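Asks: This is the structure I have questions about; it appears just below.
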Amino acid sequence: MDFNLKKLTSDAGVFFTRAVQFTEEKLGSAEKTELDAHLENLIARADCTKNWTEKIFRQTEVLLQPNPSARIEEFFYEKLDKKIPSRTTNGELLGQYMLDAAKDFGPGTPYGSTLITVGEYQSRLGGAEREFLQTSAINFLTPLRNFLEGDWRTISKERRLLENRRLDLDICKARVKKAKQAEAKAAAEPDFQETRPRNYVLSASASAQSSGGWDSWDLEDSKESANVMDQRKLWSEEVDKAEQELRVAQTEFDRQAEVTRLLLEGISSTHVNHLRCLHEFVEAQATYYAQCHQYMQELQKELSSANSDTYPNSFASNANPSTSATCPSPVSSATLPGVSPPCLASSSTPGIAQEPSGPLKIPDVQQPSTGHRKAKVLYDYDAHDTSELSLLADELITVYTVPGMDPDWLVGERGNQKGKVPVTYLELLS
């Protein structure tokens, strides 16, 4: 390695001089060259752009990948310039678990077939999520990262160089100022011959005439005058040298200020580029959520169709066609947790179940030998009269139907208690 001690010493001296100038500026003991207002505004705008771009970039990463370990792994893959391995989304993993569970439970069972249906749609949702993540990373995250790691680093480098040029300029200004002050002080000092008192000159003249030593006195005067002239000439040369260095420093500062200004003005084009990327990100989000909504609607339709086939209302042997039920089936209600208890069959009084069309006395009803089933109560129900049976959520009762009974009602038994119960409050088990 070529080690240049002279260059190293020179660089260290420059660094020390800049540090002294910077410290004196902070303490207020040295003058500082201010940038023009336009350049200051560009710098402030660039700093604002960098700060907010960095925050948006970090939060978008969190939105797309909430797992911090996964983000750290992707960061190292990017720094090592390696391809990020494909990662299964949570939706795809859930769908695979459901499909595997359906194989063990039996695809022909109601639960197994439903698991297969839901698992397939979960896999579709996971695939849509994967596509959204990839699109967002390419169209939105990558441009923001390129700005932070590319353009902004270049701008920061040129700004640091501009700051160094400014410090050099102020150092040269201070040097010129000191040199001129020293020159003025030297010029203000009077010549030795001009400041001699007259009596001193007369006495020196008489002494010289008596001793014949005029030559020695003239020699001393000449030396004093020569020293004064040398001092004036030296400081004049120092001023010229400092002014030359100042002109060079001013030229370099102006050139660097122009380069920095051009780079900072490019922030406007960066905003335009980021605006386009933002539109693409929003479009990707809209596409993703539209796909999710479509998949969920299709899944609900399939589940509704499967439920109506799996749990038909076989208890109503003599349905009343004049009665219209507006409530969802018991099975569909049970699959939607958090839903309030459904309404009963349409009636003139809200919340009151429609009475059976024919006269039916519950105490006289006998349990048939076949057709009775176990049912789980989904919601609490308070009987409105003596013919109905009050229910508590999650309890198990025996239910069956009788001829002439409304299809929205069943006969329920709990121990020695018997009464009508609404179908929509039950989940039939067997």
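The values are calculated or read from the model by the stated rules, or taken from the named source; none is laboratory data. In this text, all values refer to a predicted model and were calculated from it rather than measured experimentally. Heads up, the Cβs are rebuilt from the backbone with ideal geometry, glycines too, and the neighbour counts pull from every protein chain shown. Areas reflect the complete protein model, heavy atoms only, side chains present, ligands, DNA and RNA absent. Shrake-Rupley method; radii C 1.70, N 1.55, O 1.52, S 1.80 Å.
Asks: Would you tally the residues in segment 249-290 being farther than 23 Å from ASP47 by Cβ and of a type in the set (Ser, Thr, Tyr)?
Replies: Residues meeting the conditions: 4.
Asks: May I ask you to list pairs of residues, at least six apart or on different chains, whose Cβ atoms are under 7 Å apart, with the first in segment 42-68 being under 22 Å from THR135 (Cβ atoms) and the second being open to solvent by 50 Å² or more (accessible area, probe 1.4 Å)?
Replies: GLU61/ARG71; GLN65/ARG71
Asks: Scan segment 391-404 for residues that are open to solvent by less than 50 Å² (accessible area, probe 1.4 Å) and assigned to a loop (DSSP other than H, G, I, E, B) and report the count.
Replies: Count: 5.
Asks: Against the definition (at pLDDT below 90, assigned by the TED database to the domain that holds GLN134 and either within 30 Å of LEU141 (Cβ to Cβ) or loosely packed, with under 13 Cβ neighbours inside 10 Å (or both)), how does SER305 come out, yes or no?
Replies: Details: at pLDDT below 90: yes; assigned by the TED database to the domain that holds GLN134: yes; either within 30 Å of LEU141 (Cβ to Cβ) or loosely packed, with under 13 Cβ neighbours inside 10 Å (or both): yes.
When the stated conditions are applied, SER305 passes them.
Asks: Cβ-Cβ under 7 Å, sequence separation 6+ or interchain: first residue in segment 112-137 and assigned by the TED database to the domain that holds GLU61 and over 16 Å from ARG87 (Cβ atoms), partner outside any helix (DSSP H, G or I) and open to solvent by 30 Å² or more (accessible area, probe 1.4 Å). Which pairs?
Replies: Every condition considered, the pairs that remain are SER113/PRO107; ILE116/PRO107.
Asks: Return the residues of segment 1-54 that are in a helix (DSSP H, G or I), exposed (fewer than 10 other Cβ atoms within 10 Å of the Cβ) and of a type in the set (A, V, I, L, M, F, W, C); say none if nothing qualifies.
Replies: LEU5, LEU27, ALA37
Asks: Give just the number: which of (1) over 30 Å from LYS26 (Cβ atoms); (2) modelled with pLDDT of 65 or more does ASP191 not satisfy?
Replies: Checking ASP191 against (1) over 30 Å from LYS26 (Cβ atoms); (2) modelled with pLDDT of 65 or more, the one that fails is (2).
Asks: Have a look at THR154, THR142 and point out the one that is under 30 Å from TRP52 (Cα atoms), assigned by the TED database to the domain that holds GLU78, assigned to a helix (DSSP H, G or I) and touching a helix residue (DSSP H, G or I) at 6+ places or on another chain (Cβ under 7 Å).
Replies: Working: THR142 fails: touching a helix residue (DSSP H, G or I) at 6+ places or on another chain (Cβ under 7 Å).
Exactly one of THR154, THR142 is under 30 Å from TRP52 (Cα atoms), assigned by the TED database to the domain that holds GLU78, assigned to a helix (DSSP H, G or I) and touching a helix residue (DSSP H, G or I) at 6+ places or on another chain (Cβ under 7 Å), namely THR154.
Asks: Out of curiosity, is ALA249 outside any loop (DSSP other than H, G, I, E, B), more than 25 Å from GLU120 (Cα to Cα), at pLDDT below 95 and in contact with a helix residue (DSSP H, G or I) (Cβ under 8 Å, 6 or more places away or on another chain)?
Replies: Yes, satisfied.
Asks: How many residues, within segment 253-283, are over 24 Å from GLU149 (Cβ atoms) and surrounded by 15 or more Cβ atoms within 10 Å (Cβ to Cβ)?
Replies: 2
Matching residues to (1) of a type in the set (D, E, K, R); (2) closer than 22 Å to GLY150 by Cα; (3) in contact with a strand residue (DSSP E or B) (Cβ under 7 Å, 6 or more places away or on another chain):
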site: GLU24; (1), (2), (3): yes, no, no
site: ALA37; (1), (2), (3): no, no, no
site: ARG45; (1), (2), (3): yes, yes, no
site: CYS48; (1), (2), (3): no, yes, no
site: GLU61; (1), (2), (3): yes, yes, no
site: LEU64; (1), (2), (3): no, no, no
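Asks: Then there's this: Counting only residues that are touching a Pro at 6+ places or on another chain (Cβ under 8 Å) and acidic (Asp, Glu), which one in segment 381-430 is farthest from PRO110 (Cα to Cα)?
Replies: Here the answer is ASP406.
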